[in-house]
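The values are calculated or read from the model by the stated rules, or taken from the named source; none is laboratory data. On a predicted model such as this, the values are computed, not experimentally measured, just so you know. For neighbour counting, all protein chains shown are included, and Cβ atoms are generated from backbone atoms with ideal geometry for every residue, glycine included.
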Amino acid sequence: MAGKIASGPTQSSTEPFRSTGTGMAPDVFKSDSGPLIIAGPCSAETEAQVLATACQLSEIGRIDIFRAGLWKPRTRPNSFEGVGQQGLPWLKKAKALTHLKTATEAANAHHIEHCLEQGIDFIWIGARTTVNPFLIEDIAEALRGADVPVLVKNPINPQIDLWIGAIERLYRKGVRQIAAVHRGFSHSAPGKLRYDPAWMIPIELKRHLPHIPLICDPSHMAGQRELIKPLAQMALDFGMEGLMIESHVHPAQAFSDTAQQLEPVQLKRLLSDLVVRRPGTQGHGIDQALDTLRNQINLTDTQIINALSKRMGLVREIGHLKRTHNIPVFQLERWDALQNERISQGCRAGLEDYFIKGLFDLIHAHSVEAQF
Ligand code: PEP
Ligand code: MN
């Protein structure tokens with residue numbers, strides 16, 4: 001399954017976008033001090049909370065953009081759904097006090113109009129909006145002629161074409177300052193993380209749209225503040241250009257996303273612990289060592305492909321035997337036993353169980369198909 005999800009977008013969806021050309025990555029998403037850092041509360045709750053959070057964040061000296069959600073897409077009704085447009089002047093005040101640029105989420109054309117009227121500096125499109133081409137089209141139309149940069153979060157479900165499609169729709173209406181935000185994807189099996197990072201999807205996005213800056217939101221991905229730092233580090237290790245991290249002066253009293261917000265002082269510590277890798281090569285000795293390791297990886301990958309090809313040959317022979325003896329293709333007990341055995345083998349070899357499980361789910365699905 002993971003392979004299908006990760007598979008690249010169809011030609012027709014990327015071609016118009018690529019052929020119009022996106023030029024260089026827009027400077028507006030670049031920071032003078034390293035990765036672009038966007039921080040602020042999940043929701044704007046009161047003027048005092050917005051101003052206090054913005055001031056404490058600006059004291060860190062490393063925040064580029066202050067975020068706060070005004071219109072909150074909540075899964076269940078009767079949750080706090082945001083203060084709406086009455087919070088726009090609070091963001092303006094926060095900007096006047098701290099000189100931080102402001103960002104909020106817009107989920108329809110009305111939100112865009114309010115944001116443009118009130119001079120919001122950056123608009124982000126949330127995961128639940130990116131999935132909806134009608135809404136994106138309306139939002140793109142409302143943005144026509146405006147010069148505001150837009151951050152497009154990944155769709156909540158793991159379909160790269162929806163993410164690219166939203167970016168394309170904006171681009172076609174003249175929006176030129178676009179970044180993508182990787183915030184993770186819904187997963188059916190509840191895991192440690194709130195959302196599945198599915199790292200191969202943003203990597204695939206970068207491969208198709210190399211000029212679109214890629215920013216990671218480890219807060220929503222993690223769902224718990226303790227898990228944010230390793231995800232943020234992974235994002236930087238993957239070469240992502242920025243981070244969006246939720247921060248609140250009193251996380252325990254937050255109206256939304258309580259467990260995943262950091263106090264500004266905790267965010268300061270997290271940011272100073274992160275290691276920013278230098279792009280490009282780092283000297284002759286390192287280059288040689290990298291080349292040697294990469295050659296070994298190439299060799300190992302070739303062995304894996306040959307082993308998979310041999311395995312598929314055996315699968316086809318089994319398929320033939322089953323067909324000639326009227327035995328059903330899929331046998332649950334055999335599959336359960338095989339998967340458990342592979343997971344134990346993998347663990348003994350120092351591999352993560354979710355990795356072996358995902359890999360063998362894919363191999364098994366393909367093997368069943370090949371037997372028909
Ligand atoms: C948010 O950033 O507060 C938010 C609701 O994000 P997402 O769309 O990623 O859930
Ligand atoms: Mn949130």
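In the stretch 245-253, is there at least one residue being in contact (Cβ under 8 Å) with a residue 12 or more places away in the chain, away from ligand 2 (no atom under 16 Å from the Cβ), of a type in the set (Asp, Glu) and under 30 Å from TYR171 (Cβ atoms)?
no
If you check GLY285 against the conditions, is it surrounded by fewer than 13 Cβ atoms within 10 Å (Cβ to Cβ), under 14 Å from the mean Cα position of the chain (by Cα) and away from ligand 2 (no atom under 15 Å from the Cβ)?
For GLY285, the condition - surrounded by fewer than 13 Cβ atoms within 10 Å (Cβ to Cβ), under 14 Å from the mean Cα position of the chain (by Cα) and away from ligand 2 (no atom under 15 Å from the Cβ) - is not met.
Looking only at the stretch 40-73, filter to residues that are within 12 Å of ligand 2 (Cβ to nearest atom) and of a type in the set (Gly, Ala, Ser); which one of those is surrounded by the fewest Cβ atoms within 10 Å (Cβ to Cβ)?
GLY69
Mind checking which residues of the stretch 74-103 are without any contact (Cβ under 8 Å) to a residue 60 or more places away in the chain, among the polar types (S, T, N, Q) and within 14 Å of ligand 2 (Cβ to nearest atom)?
Within the stretch 74-103, just THR75 meets the criteria.
List every residue pair whose Cβ atoms lie under 6 Å apart, where the two residues are 6 or more positions apart in sequence or sit on different chains, the first residue falls within the stretch 114-125 and is at pLDDT 95 or above, and the second residue, located anywhere, is among the polar types (S, T, N, Q) and not in a strand (DSSP E or B).
That search, which allows pairs on different chains as well, returns HIS114/GLN85.
Mind counting the residues in the stretch 214-240 that are surrounded by fewer than 24 Cβ atoms within 10 Å (Cβ to Cβ) and either more than 22 Å from ALA103 (Cβ to Cβ) or more than 12 Å from the chain's Cα centre (by Cα) (or both)?
Final tally of qualifying residues: 13.
Being within 15 Å of ligand 1 (Cβ to nearest atom), in contact with a Lys or Arg (Cβ under 8 Å, 6 or more places away or on another chain) and at pLDDT below 95 is the filter here; which residues of the stretch 33-78 pass it?
Across the stretch 33-78, the qualifying residue is only PRO73.
Residues that are within 16 Å of ligand 2 (Cβ to nearest atom), at least 2 per element: which helices (runs of 4 or more DSSP H) completely within the stretch 116-211 meet that?
Of the helices (runs of 4 or more DSSP H) lying wholly inside the stretch 116-211, those with at least 2 residues that are within 16 Å of ligand 2 (Cβ to nearest atom) span 127-130.
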